[in-house]
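Colleague: Dumping the structure here so I can ask a few things about it.
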Amino acid sequence: MEAPHAAHPRTTGAGTEASAVPAAPAVITVDSPERMQDLGRRIAALLRPGDLVLLTGELGAGKTTLTRGLGEGLGVRGAVTSPTFVIARVHPSLVDGPPLVHVDAYRLGGGLDEMEDLDLDVSLPESVIVVEWGDGKVEELSDDRLHVVIARAVGHEEVLDDVREVSVTGIGDRWDAAELAKLA
């Protein structure tokens, strides 16, 4: 897993090496699945066609719940559920917005080569692509991406079972002026 605070070397479209220094992450404490879904709706308000969102977190952290909120915020058709067994689902927009392409890369071991059959590079310009378990697999799709890391809060497990610390980091020029701090 890459550290959300580290600089990310990348290759620009022209093939030259550039440095994508992420902006300071917004860190949000979420204490229920309903609030995780609400955070997804608030993040959706910042998204536009061509955006790539990587979701990182252990099993049961809330990645699909956050994506459900993204789908609601984007106004897409269909119930957003985990695409673990189908790998990817496309949810068309009901409001003339971008479709949501929801990918679960958990069962995919390789990098972008293994995901080529999904044609994510073709879908990206007109869609919002959300990839669960995408670290080290899809970063090459775009120099600009939103990296969301969901971690369980540490403490007394019986008290903090639903509490998550969510770090939202914008990487690349697309997110330089984004107002991620407003998410907190």
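The values are calculated or read from the model by the stated rules, or taken from the named source; none is laboratory data. Everything numeric in this text was worked out from a predicted model, so none of it was measured. For neighbour counting, all protein chains shown are included, and Cβ atoms are generated from backbone atoms with ideal geometry for every residue, glycine included. Surface accessibility is based on the protein's heavy atoms, side chains included, excluding ligands, DNA and RNA. Shrake-Rupley method; radii C 1.70, N 1.55, O 1.52, S 1.80 Å.
Colleague: How would Glu139, Glu126 line up by accessible area, probe 1.4 Å, largest first?
Modeller: Reading off the accessible areas and sorting them downward yields Glu126, Glu139.
Colleague: Net charge near Val30, counting Lys/Arg +1 and Asp/Glu -1 over other residues with Cβ under 14 Å of its Cβ?
Modeller: That works out to +1.
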